[in-house]
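A quick write-up on the structure given underneath.
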Amino acid sequence: MKKHIPWLAAALMLAPATWAEESTSSADWPNHGNAATSASGQKGLFNLIYGENLCKGQWAFSTYYNKWDRRVQSDPVTQAFDPLWTDWDMDVERLSVAVGYGITDKIELSVMAPYWTFDGEDIDGPNRSSGILNGVLFNQGVIDQSGFGNIRVGAKFQVARTEDYAIGLMPFIDLPTGDDDEAVVAGGTGYGLTFAYNNRGGWVFNASYVYPGDSDFLDVSEEFHVGVGYAKAINPKTEWITELSGILYTESNGEHDAADITSGARWRLNNPEWGFNAGLRVDLSDTSFDYSPIGGVVGLSYAPKNRYTLGVDLAGTGSGRVVGDRIDCGATCEATYHCGGTVTLTAEPEPKSRFDRWEGACAGSDPSVTITLDGDKQCTAHFVKLYDLTVEVQRTKHPDGDEPGNGSVVFAGENCTDKCTITRDVGTEIDLKAKPADNSTFEGWTVDCKGDEPGTSLVLDSDKACVATFQGPPRPCDEEPIMGEFAKCGRYDVAHSCDSATWSQLIGAYASGATDVPLEQVPNMDRDAGNEGKTPLCDVVNFLRACPQVKACVGGSDDGEAHCTAEKRAAKIAGFLIGQGNFGFFKSITADRIQLPPACEAEAGSGRSVGIYLD
């Protein structure tokens, strides 16, 4: 090898060392994998090829103009006789058009067509009379050739791909379609194989073997191409690209080993899949600098993204998280995946919340959903806040009773007889119905439910509790006697029975708190007085209804049961009268200095007595 090889070796040794140090970068794929096509159609840098490939159905396009200088060796046969012959330099230009297409998500085809120009310096003196290009001898004193090169057809296969790196192998064939008579190509069919690697940190590495084809003049050297590059996203529309590439030749038949460093940028257009590319190219293979080593590259490229972004949003009144491959949202709500990849997302609600539904690219109410990345996707997981409603049945005794009350509360499909808790969405309106058991009464609601009506409702905007109180019955009174006159009296109600104006006045006097009721106001219920059909017992019932706190004395003895109903208390009076031999009527009711608190509101057991006597 020539003296230039140490330069190339040193550069390539330094580059992988830097690459290894940076390979653990947590940076995402540059611009999500969006990159320009290389000369062979694959997505890549200016000249290097990505290990990634196009997705199924995607296509990529590029057109590039490259210019660089090369050292050309003089005719080695002639130089053997005249060592004074010297090498000379030549400008090389190439305009290429490349197209790539994804056959599957792992197989990509590409076609590249180049147009070459070779412009060598005029021979200056007798010791520069000939040189070799692509296995063809030029001895006219100048190399000035141009024409179409061989069309290259390649296929890249995805060897390995993770979320951190990708590896591809690309075999290719250079079809003998170029202008071999102009020494633009060697003449025969060429072929080669490229190993391509790139990672999420933005680094790219290539190694290629190339056989350029046969030549009629002499064997053309086999070539080994090695390159390493780095792409850094400066902003969403600008990507800085630097690459170091070299060519090693197996034979010394005119070509010199070469090493080039190219650095520049790609500016994305309004459609970010299109980019304008420009970079400066410097030949590092010769340090004599007796020629200009400066060149460059400009181009236009189209390349769709082959990595797509999956984002997750959390919404709703509740709280939770979504987990999946490289997604744990809360913390990480976005990740990128290769096209065609599938990701399973699982929604996990926090306590006192529930998962409700997916929206966006994800759909349904199943907490787990699988999505295929054929484009950028955004999924929204809705969570609903939950609140508890606790219902408790409270049992109390009547003040004159021995047994606690009982009952149940019907709500939200529950029939609660003790203590029940349900959990429902925030904002849910719940109707409750208190149902007292036999011989019990509903006293009312407490805590978050209010009122004494059996039916109530509330809205869950926080944890709520309701207590329904049921009161037990009073101690039982004697059984009502069954007798005709009392049964007749029972058909009256307080508003219509016993239309005695005098009794109405008397009851009104009791209610207003009169302290002295004249005896003449007590009606004479004698039949002879024209009160036929009037049952004194009805008046007693009405009076006891109006003033339930008043005790009734039967034969001078307190009945002691003010809690009994007026009808039952009057029945006891009737029973006493029957026991005394009076079967339906008694002559008069007397009252002596009857005193009552206003509105008959004396406590039970502390009221006054009314005496009922036989005439």
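Here is how the numbers come out for the structure above:
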quantity: Over 32 Å (Cα to Cα) - which of 305/352; 232/385; 352/450 fall in this group; calculated: 305/352; 232/385
quantity: Accessible surface of residue 325 - all protein chains present, 1.4 Å probe, nearest 10 Å²; calculated: 80
quantity: √(5λ) per eigenvalue of the Cα gyration tensor, segment 180-286, largest first, Å; calculated: 33, 15, 14
quantity: Positive-pole candidate from 362, 373, 383, dipole of segment 339-385, charges at beta carbon; calculated: 383
quantity: Probe 1.4 Å, all protein chains present, accessible-area order of 132, 151, largest first; calculated: 151, 132
quantity: Anisotropy class of segment 381-456 from Cα gyration tensor, a/c 1.5 cut; calculated: prolate
quantity: Heavy-atom accessible area order for 148, 470, largest first, 1.4 Å probe; calculated: 148, 470
quantity: Under the Karplus curve 6.51 cos²θ - 1.76 cosθ + 1.60, θ = phi - 60°, whole-Hz ³J(HN,Hα) for segment 353-360, x wherever Gly or Pro sits; calculated: 9, 9, 6, 9, 6, 9, 9, x
quantity: Base-10 log of normalised Debye intensity for segment 263-369 (one unit scatterer per alpha-carbon) at q = 0.18 Å⁻¹; calculated: -0.91
quantity: Interchain or long-range residues, amide H under 5 Å from residue 159's placed H; calculated: 167, 168, 169
quantity: Solvent-accessible area of residue 357 with every protein chain in place, 1.4 Å probe, in Å² to the nearest 10; calculated: 90
quantity: Cut-off under 5 Å, modelled amide H: who pairs with residue 330 long-range; calculated: 322
quantity: Over segment 136-226: Rg over Rh, Cα atoms, Kirkwood Rh; calculated: 1.12
quantity: Probe 1.4 Å - accessible area at residue 374, Å² to nearest ten; calculated: 110
quantity: In order through segment 293-298: 3J(HN,Hα) via Karplus (6.51 cos²θ - 1.76 cosθ + 1.60), integer Hz, x for Gly, Pro; calculated: x, 8, x, x, 8, 9
quantity: Pairwise FRET efficiency - residue 232 versus residue 425, Cβ, R0 = 51 Å, nearest 0.05; calculated: 0.55
quantity: Unit charges on C-beta of K, R, D, E only; dipole of segment 414-458, Debye; calculated: 60
quantity: More than 24 angstrom apart: percent of Cα pairs within segment 286-431; calculated: 59
quantity: Residue 215 long-range amide H proximity, modeled H, under 5 Å; calculated: 220
quantity: In order through segment 404-421: 3J(HN,Hα) via Karplus (6.51 cos²θ - 1.76 cosθ + 1.60), integer Hz, x for Gly, Pro; calculated: x, x, 8, x, 9, 10, 9, 7, 6, x, 9, 10, 8, 10, 9, 9, 9, 10
quantity: Cα-centre dipole for segment 180-317 with unit charges at Cβ (Lys and Arg positive, Asp and Glu negative), debye to 20; calculated: 1500
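The values are calculated or read from the model by the stated rules, or taken from the named source; none is laboratory data. On a predicted model such as this, the values are computed, not experimentally measured, just so you know. All Cβ positions, even for glycine, are placed from backbone atoms using ideal geometry, and neighbour counts span all protein chains on display. Surface accessibility is based on the protein's heavy atoms, side chains included, excluding ligands, DNA and RNA. Shrake-Rupley method; radii C 1.70, N 1.55, O 1.52, S 1.80 Å.
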